[in-house]
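Comments concern the structure below.
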Amino acid sequence: MSIELLVIFIVLGVFVGFMAGLLGIGGGGILVPVLTSIFVYLEVPMTHLVHLALGTSMACITITSLSSLMAHHKRGGVIWPLVKVMTPGVILGTFAATFLVALMNAKHLAIFFSIFMAYVSVQMFLDIKPKNTHHTAGNCELFSVATCIGAISALVSIGGGSLTVPYLNWRNVDIKKAIGSSAALGFPIAIAGSLGYLINGLSAKINLDYTIGFVFLPAVLLVAIPSYFTAPFGAKMAHYLPVSILKKIFSLLLMLLSIKMLLLVFNG
């Protein structure tokens with residue numbers, strides 16, 4: 001690996017971790033488009049280009065999601081009984097969806113990713129929040145919704161926060177507790193997704209050293225480790241920086257990165 005690529009991965013990890021801590025948003029929206037660009041440069045076959053970006057991104061967020069989980073737990077922000085009910089659902093949905101991803105072509109995955117990121121970007125830019133229903137959800141509903149959240153999370157390689165937080169808040173969970181519980185669910189999503197991408201990519205012929213399945217190991221290490229340390233710093237800076245303005249800027253960045261990813265895949 002070249003020095004330039006090593007530096008790019010480290011800087012990417014620093015940025016992703018900081019923004020995750022600052023805005024409470026996972027790194028998949030940034031990682032997948034950037035990794036796609038990097039893998040184009042590394043001449044990864046177009047057939048598995050997006051799959052490798054999704055799998056590597058999912059593996060990258062395992063460490064940051066664990067850091068986020070512990071931070072919210074220390075502040076008493078996790079409703080563990082709720083997490084216990086939803087965890088089997090997110091694991092099932094995430095792991096199963098990686099098998100669907102393996103059957104999809106790169107263009108369809110890129111389209112789905114971009115549409116989802118457009119939804120996230122608009123929601124973030126306009127600061128759209130669901131109205132509280134004043135009704136709590138039953139265990140059956142929680143499990144079913146968690147399975148859907150896990151499946152979508154695998155398809156776009158995110159920790160599920162953009163789906164879990166609005167849902168829990170809509171279902172009468174305090175916003176801070178919703179964020180903390182979502183962070184706790186992000187870890188099993190990342191583990192199940194990483195395992196699924198690793199298994200489903202074993203039969204793929206990707207001529208890239210240090211790749212297992214759909215996971216490029218150097219990127220995981222070089223992105224995840226710095227992000228683990230910068231996430232707490234980002235959370236601390238949330239008290240001093242104009243978060244509402246930064247969210248709007250970040251939403252535009254997500255949109256631009258998604259468009260660039262689409263162009264790369266369709267022009268490849």
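Values in this text are rule-based calculations from the coordinates and carry no lab data. All values derive from a computational prediction rather than experimental measurement. Heads up, the Cβs are rebuilt from the backbone with ideal geometry, glycines too, and the neighbour counts pull from every protein chain shown.
What the table below lists for this structure:
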{"read-out": "Radius 14 Å from Cβ of ASN172, net charge of other residues (Lys, Arg +1; Asp, Glu -1)", "value": "+3"}
{"read-out": "Estimated distance in nm for a label pair at LYS74 and ILE259, the labels positioned 7 Å out from Cα along Cα-to-Cβ", "value": "4.0"}
{"read-out": "Choice from CYS60, CYS148, CYS140 with maximal GNM fluctuation in the chain (Cα, 10 Å cutoff)", "value": "CYS140"}
{"read-out": "Restricting segment 1-101 to trypsin sites (Lys or Arg not before Pro) in coil, as DSSP defines it, with at most 16 other Cβ within 10 Å", "value": "ARG75"}
{"read-out": "Rg/Rg_globular for segment 1-121, with Rg_globular taken as 2.2 N^0.38 Å and Rg from C-alpha atoms", "value": "1.18"}
{"read-out": "Point-to-point label distance, PHE125-TYR210, nm (Cα→Cβ direction, 7 Å offset)", "value": "3.7"}
{"read-out": "The chain, helix-only ellipticity at 222 nm - DSSP H runs n ≥ 4, -39,500 (n - 2.57), divided by all residues, nearest 500", "value": "-26500 deg cm²/dmol"}
{"read-out": "Listed peptides 152-161, 61-70 by packing density, highest first (mean Cβ within 10 Å)", "value": "152-161, 61-70"}
{"read-out": "Anisotropy class of the chain from Cα gyration tensor, a/c 1.5 cut", "value": "prolate"}
{"read-out": "Span-like helix ranges in the chain, DSSP H, alpha carbon extent 24 angstrom or more, Kyte mean at least 1.0", "value": "3-23, 80-103, 106-125, 139-156, 175-200, 217-237, 243-267"}
